[in-house]
Amino acid sequence: MLKRQMVVITMALTFSILLAVQGISGNPGKNELAASSDKREPVQKLYDQALSAYKDKDYKKGVTLFQAFGQCFPEHSLADNALYWMGECFYAQGDFSGAVFLFKKMLKTYPRSNKTPDALLKIGYAYLILKNPVDAKQFLTRLTLEYPKSPARAKADVKLKRIR
């Protein structure tokens, strides 16, 4: 029980620190409440800032923010996306093994994610870069079979033709 309490306290402190760093007040005053009645706004803002860090190629910051988001809000509707984009940050930094780990974690944790086809594609790409065509083919084929109408399907087909 004590260990669980410590985890909750650590997560709360992490989120409070992130909110303070990002300029979001944890206890909004009357003016802030009047300006925003959406209680989810700080959560969305954290996610948006993490995604902006990725788009700005500040991958280390992106990883930190996406990780904090995932730890603090594992049940949020964007938790799967946060894990996916954290994998993209690793991929963009050339850590293909780390990216594969995160994409697979996303697939296992959030099997019905809207990011599943993209994660399967990126796992295939990463395995090709890691010179593992057998596993690349497995994930790319899975993508084509399970998500035949996905935009990622065409990209998988191109890679599969090169592997064969």
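The values are calculated or read from the model by the stated rules, or taken from the named source; none is laboratory data. Since the model is a prediction, treat every value here as computed from it, not as a measurement. Glycine gets a Cβ as well: all are built from the backbone with ideal geometry, and neighbour counts include every protein chain shown.
List of remarks:
- Of the helices (runs of 4 or more DSSP H) lying entirely inside segment 50-110, those containing at least 3 residues that are under 19 Å from residue 143 (Cα atoms) and of a type outside the set (Val, Ile, Thr) are 79-92, 96-109.
- Residue within segment 116-124 that is surrounded by fewer than 22 Cβ atoms within 10 Å (Cβ to Cβ) and over 22 Å from residue 79 (Cβ atoms) present: no
- Options 147, 127; residue that is surrounded by 15 or more Cβ atoms within 10 Å (Cβ to Cβ), more than 17 Å from the chain's Cα centre (by Cα), closer than 23 Å to residue 66 by Cβ and among the aromatic types (Phe, Trp, Tyr): 127
- Segment 57-88, residues that are of a type in the set (Gly, Ala, Ser) and surrounded by 17 or more Cβ atoms within 10 Å (Cβ to Cβ): 62, 68, 70, 79, 82, 87
- Residue identified as at pLDDT 95 or above and over 19 Å from the mean Cα position of the chain (by Cα) among 156, 119, 92: 156
- Selection from segment 136-164 of residues that are of a type in the set (Asp, Glu) and under 19 Å from residue 111 (Cβ atoms): 146
- Checking segment 81-91 against the condition returns no match, with no residue being over 26 Å from residue 48 (Cα atoms) and free of Cβ contacts under 8 Å to residues at least 40 places away in the same chain.
- Hits in segment 129-164 (condition: of a type outside the set (Ser, Thr, Tyr) and assigned to a loop (DSSP other than H, G, I, E, B)): 130, 131, 132, 148, 149, 164
- The single condition from (1) crowded, with 17+ Cβ neighbours inside 10 Å; (2) in contact (Cβ under 8 Å) with a residue 40 or more places away in the chain that residue 96 fails is (2).
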